[in-house]
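Remarks on the structure that follows.
The values are calculated or read from the model by the stated rules, or taken from the named source; none is laboratory data. Predicted model only: the values in this text are computed from it and were never measured. We place every Cβ from the backbone using ideal geometry, glycine too, and count neighbours over all the protein chains shown. To get the accessible areas, we keep the full protein, side chains included, count just its heavy atoms, and leave off ligands, DNA and RNA. Shrake-Rupley method; radii C 1.70, N 1.55, O 1.52, S 1.80 Å.
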Amino acid sequence: MSRDDDAIRTALADHYAAQNQATPAAMDAFWMPFTANRQFRQTPRLLASAEGMYYRDVEGRQILDGTAGLWCCNAGHARPRIVEAVARQVATLDFAPNFQMGSPLPFVLAERLRAIAPRPLDHVFYTNSGSESVDTALKIAIAYHRARGEGQRIRLIGREKAYHGVGFGGISVGGLPNNRKWFGPGLPGVDHLRHTLDIERNAFSRGLPQHGIELAEDLERLVQLHDASTIAAVIIEPISGSAGVVLPPPGYLQRIRDICTRHGILLIFDEVITGFGRVGEAFAAQRFGVTPDMMTVAKGLTSGCVPMGAVFASTGIHDAFMQGPDNAIDLFHGYTYTGHPLACAAALATLDTYEEEGLFQRAVELEQYWQDGLHALRGPNVVDIRNYGLIGAVELAPQGAPGTRGYQVLERAFRKGLLVRVTGDTVALSPPLIVERRHIDDMFSMLGEVLAGV
């Protein structure tokens, strides 16, 4: 490569980098997701770079990441192994189709993922997001029963307050009203269990709430109402993140598992948030000792570096499709970017980083310190505090319109140098797993000052 070529590459890199370091001249064209767009454009919060535990905004201010980006950057930001893996991969193989074709990395990654998943979740189907993972799992569930001669099993059971992404399948089994009401009736044949958030009985619980295991019996009620022979699957988040950190009472998930097993209903765990170390094991299924039939993941799979999701399926589900002639397509489903080479490279480097640094154990090692600091925020206008692993939530009493006080916390925390996640009037926290005690101290110190002012 000539010096002229080097100069051109450097100039191009500088050109694109510069665009990321300043407030754009115009901001109307980008319709931002889950955002009050008009309000945002009046007081933008623009992140320009990130490293380790911190972002920097376009003004050069350091922002402590209290949310691992969007529940996803579990290994922190700009980790050298991941950066290098992605850079080398894009220069080697930028894209390869996986329809009747393939490349090595998706197969290598699937073996690595199988090694950390609970048995018998031995097969991996790649997607590009948590939303796609959920819709994929729901389709597989219905197709699985049809492949076994039980095509009448098409009903799906979700849960109130659940967030399962934004596809039509996900919003149908989900239980957040604003995510559903704007988009029509959704899929037919869907019902919902009650959620387990019970502030009256469980407020300020440390760890799992003690009351509410009886809510699992809702599933028996729905089985009796609809008949088990019509139900394909139940989908549950072991811990609901986007609803404001809703925790399961001890024994609740095991009871759901037992009911599903007895009635031949598939159990799907949505581990898009809880997967990859967030609660102290690779997956919440392992921490809670309950194994589903399928598991949806995304976010921490690549530490947020490249979009990627996956569905883990049990051997029994996978093998039900491996029938008929060898040349027959066994599942008519997939995405252009399924098993994308860049995403696979990022995921492999992310798994190496998790393993080398023992990051799956960090949530347990720091759990008590995290819990003590979080509950020290109890004070005026705080109606509940919830925590498990390295997840936390502070629920605030509404002030005027719902969400007003929550937005004040979001805005003021950012200006103070802390990134938090807000759902209505609930402030959620989920830091990168590289977090240290000093970061936790800084996080709760800043948040405490903000809460005192709202």
Quick one: would you say G289 is within 22 Å of N387 (Cβ to Cβ) and open to solvent by 10 Å² or more (accessible area, probe 1.4 Å)?
yes
Single unsatisfied condition, G165 versus (1) touching a residue at least 60 places away in the same chain (Cβ under 8 Å); (2) buried (at least 22 other Cβ atoms within 10 Å of the Cβ); (3) part of a helix (DSSP H, G or I):
(3)
Could you list, in sequence order, the residues of the stretch 235-274 that are in a helix (DSSP H, G or I) and open to solvent by 20 Å² or more (accessible area, probe 1.4 Å)?
Q254, R255, R257, D258, T261, R262, H263
I'm told A428 meets every condition in (1) touching a residue at least 60 places away in the same chain (Cβ under 8 Å); (2) within 16 Å of W370 (Cα to Cα); (3) over 22 Å from the mean Cα position of the chain (by Cα) except one. Can you identify the failing condition by its number?
(3)
Can you name the residue in the stretch 284-304 that is in contact with a Ser or Thr (Cβ under 7 Å, 6 or more places away or on another chain) and assigned to a loop (DSSP other than H, G, I, E, B) and, of all such residues, is nearest to S129 (Cα to Cα)?
A298
Can you name the residue in the stretch 203-234 that is over 26 Å from the mean Cα position of the chain (by Cα) and within 22 Å of A137 (Cα to Cα) and is also most open to solvent (accessible area, probe 1.4 Å) among such residues?
D227
Can you tell me which condition G66 does not meet? The list is (1) touching a Pro at 6+ places or on another chain (Cβ under 6 Å); (2) within 22 Å of F269 (Cβ to Cβ), and all the others hold.
(2)
Whichever residue in the stretch 116-162 is aromatic (F, W, Y) and touching a strand residue (DSSP E or B) at 6+ places or on another chain (Cβ under 6 Å) and, among such residues, is surrounded by the fewest Cβ atoms within 10 Å (Cβ to Cβ)
F125
Lone unmet requirement of (1) open to solvent by 50 Å² or more (accessible area, probe 1.4 Å); (2) of a type in the set (V, I, T); (3) farther than 30 Å from Y126 by Cβ; (4) touching a helix residue (DSSP H, G or I) at 6+ places or on another chain (Cβ under 9 Å) for I63
(1)
In the stretch 292-326, the residues that are aliphatic (A, V, I, L, M) and open to solvent by less than 40 Å² (accessible area, probe 1.4 Å):
M294, M295, V297, A298, L301, V306, M308, A310, V311, A313, I317, A320
Of the residues R9, R56, R38, only one is in a helix (DSSP H, G or I) and either touching a strand residue (DSSP E or B) at 6+ places or on another chain (Cβ under 8 Å) or at pLDDT 90 or above (or both); which?
R38
Does the stretch 355-369 include one or more residues that are within 30 Å of V90 (Cα to Cα), among the hydrophobic types (A, V, I, L, M, F, W, C), assigned to a helix (DSSP H, G or I) and open to solvent by 10 Å² or more (accessible area, probe 1.4 Å)?
yes
Across the stretch 414-453, what is the number of residues that are within 15 Å of V382 (Cβ to Cβ) and crowded, with 19+ Cβ neighbours inside 10 Å?
11
Kindly list, by first and then second residue, each pair from a residue in the stretch 78-95 that is within 11 Å of P341 (Cα to Cα) and in a helix (DSSP H, G or I) to a residue that is open to solvent by 40 Å² or more (accessible area, probe 1.4 Å) and not aromatic (F, W, Y), limited to pairs with Cβ atoms under 7 Å and residues at least 6 apart or on different chains.
V86/C305
